[in-house]
Amino acid sequence: MTKTTIIAPANIAFVKYWGRRNDNLILPLNPSVSMNMSGCTTTTSCEWGEWEEDSIKIKFKGKEMVEASGAAREKALKVIDRVREKLGTKFRVRIESENNFPEATGIASSASGFSALTKALYESFDASLSEKEMTIETRLSGSGSACRSIPDGFVVWDKGDNDDGSDSYAYSIAPAKHWELVDLVCVVDIGNKKVSSGEGHVRPKNEYMQARLRNIESRVSETISAIKEKDLEKLGVVTEIEAMSLHTVCMMSEPPIFYLNGATFEVMATIRELRKKGIMAYYTMDAGANVHVITEMQYLPEVKSALSKIDKVVMMIENVSTNGARIL
Ligand code: DP6
């Protein structure tokens, strides 16, 4: 057993994971497709030993490394206890985790955080898991979308059909270098989300969920072929429809969930205006108000210049496609 450090990226979904068919096994209602983000990473080190207690330290950009507390500690401990049981050990861990993006931006740190933690726990125990097994273990960490941060570049997470979840795993459909696609995260809301994704996944189903699921397989195929063909327009069109489908489902849940705010719509309108001028950029939003602008390098300067004129845009974070979780 050796101290091991893992760096893992967050990921942005073009086809979103929303809703579960099994809550315990974190089995999704639909497949999802994403890209790893180069500019939003978590670096986590892990060491096993005969200590009295687990130590879980966390550091956000510009802040001190502190012992994790509250919900963050509980979630991490749940993962650690699960892995400890799986490995059949009573050893304790020393974890140190650092995010390269600020805590308060509302960017989901859970995908990078939980993929880094899961991989660090196994690798430092010298447990050799295949990539497929590692994505399944990461899926079980609770943050399902984290499993897409394990493989490289552009990634599909299959929903699987088996009841035991053995065929619900993530795999790469194209390496990071295949396409230098940009995700410019446009931060308009620095507060924490009011309704967690976890809560959203289990909100009572509604008629719009059925409509969403009827179209999802064709959107997945369209997205995969757009990525393989490096066709930005094809990817952008399906990504925007897909984001609207997710937020319609959220708004039609009981009780409703409203993630988007006025600033989100302002950014969306700006992006549509840019397209009229031939600047190819598209938007998507996760469980929050911040906008992920999907574009290519050649359009980036004009996109950034237009968005920086919007008052409510507090920060922009540039990402290109990158590799999945790896040992440092
Ligand atoms: C809207 O349960 O994986 O981002 O709450 O960040 O752990 P966390 O997320 P998770 O749900 C992700 C929901 C989503 C869509 C997506 O990334 O596929």
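The values are calculated or read from the model by the stated rules, or taken from the named source; none is laboratory data. Computed from a prediction, not measured in an experiment: that's the story for all the values here. FYI the Cβ positions are ideal-geometry reconstructions off the backbone, even for glycines, and counts take in every protein chain you see. Surface areas here come from the heavy atoms of the whole protein model, side chains and all, with no ligands, DNA or RNA. Shrake-Rupley method; radii C 1.70, N 1.55, O 1.52, S 1.80 Å.
Numbers at a glance
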quantity	calculated
Qualifying residue in the range 239-251 (condition: open to solvent by less than 10 Å² (accessible area, probe 1.4 Å) and acidic (Asp, Glu))	yes
Hits in the range 199-208 - residues which are more than 14 Å from the ligand (Cβ to nearest atom) and assigned to a helix (DSSP H, G or I)	Glu207, Tyr208
The range 282-298, residues that are crowded, with 16+ Cβ neighbours inside 10 Å and touching a residue at least 60 places away in the same chain (Cβ under 8 Å)	Thr284, Asp286, Ala287, Gly288, Ala289, Asn290, Val291, His292, Val293, Ile294, Thr295, Glu296
Restricting the range 313-328 to residues that are open to solvent by less than 20 Å² (accessible area, probe 1.4 Å) and not in a loop (DSSP other than H, G, I, E, B), the residue that is farthest from Thr118 (Cα to Cα)	Asn319
Test set (1) open to solvent by less than 30 Å² (accessible area, probe 1.4 Å); (2) hydrophobic (A, V, I, L, M, F, W, C); (3) at pLDDT 95 or above; (4) within 16 Å of the ligand (Cβ to nearest atom) - Phe101 fails condition number	(3)
Checklist (1) touching a strand residue (DSSP E or B) at 6+ places or on another chain (Cβ under 9 Å); (2) free of Cβ contacts under 8 Å to residues at least 12 places away in the same chain applied to Asn30, failing item	(2)
Among (1) touching a Phe, Trp or Tyr at 6+ places or on another chain (Cβ under 6 Å); (2) within 16 Å of the ligand (Cβ to nearest atom) - the single one Ala174 does not satisfy	(2)
Filter result for the condition that a residue is in contact with an Asp or Glu (Cβ under 9 Å, 6 or more places away or on another chain) and at pLDDT below 95, over Ser109, Ser168, Ser128, Ser143	Ser109
Selection count where residues are of a type in the set (A, V, I, L, M) and part of a helix (DSSP H, G or I), scope the range 280-312	5
Residue count, the range 115-153 (criterion: more than 14 Å from the ligand (Cβ to nearest atom) and either buried (at least 24 other Cβ atoms within 10 Å of the Cβ) or not in a loop (DSSP other than H, G, I, E, B) (or both))	13
Every pair of residues 6+ apart whose Cβ atoms lie under 6 Å, when the first sits in the range 236-265 and is assigned to a helix (DSSP H, G or I) while the second is open to solvent by 60 Å² or more (accessible area, probe 1.4 Å)	Val238/Glu222; Thr248/Tyr208; Val249/Tyr208; Ala263/Lys312
Flag if Glu229 is under 17 Å from Phe14 (Cα atoms), open to solvent by 10 Å² or more (accessible area, probe 1.4 Å) and out of contact with any Cys (no Cβ under 7 Å at 6 or more places or on another chain)	yes
Residue in the range 212-225 that is more than 15 Å from the ligand (Cβ to nearest atom), more than 26 Å from Ser110 (Cβ to Cβ) and touching a Ser or Thr at 6+ places or on another chain (Cβ under 8 Å) present	yes
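Residue-wise test of (1) over 29 Å from Phe265 (Cβ atoms); (2) among the hydrophobic types (A, V, I, L, M, F, W, C); (3) in contact with a strand residue (DSSP E or B) (Cβ under 9 Å, 6 or more places away or on another chain).
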| site | (1), (2), (3) |
| --- | --- |
| Phe114 | yes, yes, yes |
| Glu123 | yes, no, yes |
| Ser143 | no, no, no |
| Gly153 | yes, no, yes |
| Ser166 | yes, no, no |
| Tyr169 | yes, no, yes |
| Ala176 | yes, yes, yes |
| Val187 | no, yes, yes |
| Ile190 | no, yes, yes |
